[in-house]
Amino acid sequence: MSVIFFLGAVHGLMLTFLLVSKKVNQLSNRILAALMLVFTIDLAMAALLSVGLHYNYPHVIGLDFSITLLYGPLLYLYSETLIKGNERLTLAQKKHFIPFVFLTLYFLPFYFNSGETKLSLLSETGELQYGSEWITHFKVVYSLAYLPFIIRDLYQYRKKIRANYSTLEKRNLDWLQGFVLAGTLLGITAGVLYTVSSFSDMLSEYTDFTLLASTIFVYSIGYMGLKQAEFFTPIGREEKQVSKEEKPRQESYTRSGLNEEQGKELHQQLCALMDKDKPYLRSDLSLAELAGLMSISTHNLTEVINTFADASFYDFVNSYRIESVKQAIKDPEFHNFTLLGIGLESGFNSKSSFNSVFKKHTGLTPSQYKKSLEG
């Protein structure tokens, strides 16, 4: 197991370096790099303890004592800065590190102890017996407490991008939500195993399992974050630009919303625009761009789509794309096109989004739909 921990630590250093070197989404990548580095320290300490090197170098004992308090805040700040596109941490965001600072200060006297004293505070299983039992529990609970907030933010983000964009490929964070849900399950499992191991002689097995599972979890996020950094577009930056461009136009509208008659009229104009100009053929069409074509605010356009089309912006635009695909499949001019080619011509920008959206709207895959027409 020590070899796995050592290789994991080396891997962590490589991921940390690669993330820091990325030129896009620098703040979120640096936060993720910090998370990788923290975990690398944890793994390195586990490797040292497993082979007994701490007896030769006792002053490394305790270097990982307070860093457990960084897991939750760093993962939370990674998702938050990735969503908002922050260029630097705000004061409110920096406050998440206060418990880590206090615990480090509390532990500071330990660092000035002699090597013999530090070794005497280790249990037979290699656990550091320093401070009260509640500190250990607090560190675990504090980190796990962030997971529901991360899931909440990612869920709200998912709704937000569907309300503002017709294509999700460069903005989708479903992978991160999946990992956080897996992390929640891992945390619950680890908690149960820790409780069971406390009443048996299985504490070392519990530690090995937790570190191994956490290694897979954290490094998977690292690799996905590295991949995401290549193309992800934070909507926070886009919204800042949109708000600057849209502000003069919004001033001509009241904040009281639309009455039913105004809403119906705008809905008719919207449908006429979609049928005549076909803006949905632009794969990157956004709510702000469509509102600009109608010379209305994004707020009013959202109200019209939600009320009179009973759909999100994402579903509304893609319903037109699906109808365009259906018509093209029947049109002799498109007989030489592949189904994917027709999808791309209709405004979709990838095979995966084309297939998933088509099946959601029709209950059939594009090929199944085409066969149903032929039969």
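The values are calculated or read from the model by the stated rules, or taken from the named source; none is laboratory data. Just so you know, these numbers come straight off a predicted model, no measurement behind them. Here Cβ is always computed from backbone atoms with ideal geometry, including for glycine, and neighbour counts include all displayed protein chains.
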Query raised in the report: Can you find a residue in segment 307-320 that is farther than 24 Å from GLN269 by Cα, free of Cβ contacts under 8 Å to residues at least 60 places away in the same chain, surrounded by 15 or more Cβ atoms within 10 Å (Cβ to Cβ) and of a type in the set (S, T, N, Q)?
Result: no
Query raised in the report: What residue, of TYR78, TYR57, is surrounded by fewer than 18 Cβ atoms within 10 Å (Cβ to Cβ), assigned by TED's automatic domain parsing to the domain that holds PHE217, within 25 Å of LYS139 (Cβ to Cβ) and hydroxyl-bearing (Ser, Thr, Tyr)?
Result: TYR57
Report task. Identify all residues within segment 324-343 that are without any contact (Cβ under 8 Å) to a residue 12 or more places away in the chain and surrounded by 15 or more Cβ atoms within 10 Å (Cβ to Cβ); write none if there are none. Result -> PHE334, PHE337
Query raised in the report: When segment 1-24 is examined, which residues are found to be within 25 Å of the chain's Cα centre (by Cα), touching a residue at least 24 places away in the same chain (Cβ under 8 Å) and in a helix (DSSP H, G or I)?
Result: GLY8, ALA9, HIS11, GLY12, LEU13, LEU15, THR16, LEU18, LEU19
Report task. Out of LEU27, LEU63, LEU43, report the one residue that is more than 23 Å from ASP174 (Cβ to Cβ) and either assigned to a helix (DSSP H, G or I) or in contact (Cβ under 8 Å) with a residue 24 or more places away in the chain (or both). Result -> LEU43
Report summary line: Note on ASN349: of the conditions (1) closer than 15 Å to PRO279 by Cα; (2) at pLDDT 95 or above, unmet is (2)
Report summary line: Flagged in segment 273-287 as over 14 Å from PHE316 (Cα atoms) and assigned to a helix (DSSP H, G or I), in numbering order, are LYS276
